[in-house]
């Protein structure tokens, strides 16, 4: 499988290749939020959980969009991506108007005046993490397909089909694999 030329850095998307069988990352699309020599932190954008926000944080119970599994690490932590920029203290711009975290109380205040839409805010339980050099090794071994992030990929209208859409967006042989079956032996 051909590699893309996207540099490994904060603000890129990592797409799991069709042959990745780890159930935590099977057909995952991950936004890399932080990448340093000490390790990397990302959020899986397309795996949902059955628990709703009302069960996690009563103050944000009016948020009705599905919560996502950000990754297998520390599933007792809540993370969020948004497009509110400087309106939320402590938010970190990942790329072109895509922000990670910030003051949850300020975010909650936004709910009082207007409910954010799916293309402005997403919540995640847990995260995906890699130790020093681990992500580079996985990338070198073909374990991820990197691509530039965009708001359409981070805040998709249909997160359930995000992996397929990302593969099509990559084009070429990747687009051909967009309909790769879960188990090719029964195809």
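The values are calculated or read from the model by the stated rules, or taken from the named source; none is laboratory data. The model shown is predicted, which means the values in this text are computed figures rather than measured ones. When we count neighbours, we look across all protein chains shown, and the Cβ atoms used for this are built from the backbone with ideal geometry, even at glycine.
Assorted remarks:
- For the stretch 43-67, taking the residues that are touching a helix residue (DSSP H, G or I) at 6+ places or on another chain (Cβ under 7 Å) and crowded, with 17+ Cβ neighbours inside 10 Å, the one that is nearest to residue 13 (Cα to Cα) is identified as 45.
- Some residue of the stretch 16-35 being within 17 Å of the chain's Cα centre (by Cα), surrounded by fewer than 20 Cβ atoms within 10 Å (Cβ to Cβ) and under 20 Å from residue 94 (Cα atoms): yes
- Of 143, 129, all but one fail to be at pLDDT 90 or above and either in a loop (DSSP other than H, G, I, E, B) or surrounded by fewer than 13 Cβ atoms within 10 Å (Cβ to Cβ) (or both); the exception is 143.
- A single member of 105, 152 is in a helix (DSSP H, G or I), under 19 Å from the mean Cα position of the chain (by Cα), free of Cβ contacts under 8 Å to residues at least 12 places away in the same chain and closer than 30 Å to residue 55 by Cβ, and it is 152.
- Residue 135 vs. criteria farther than 20 Å from residue 160 by Cβ, in contact with a strand residue (DSSP E or B) (Cβ under 7 Å, 6 or more places away or on another chain) and not in a strand (DSSP E or B): yes
- Residue match in the stretch 110-128 (condition: more than 20 Å from residue 31 (Cβ to Cβ) and touching a helix residue (DSSP H, G or I) at 6+ places or on another chain (Cβ under 8 Å)): yes
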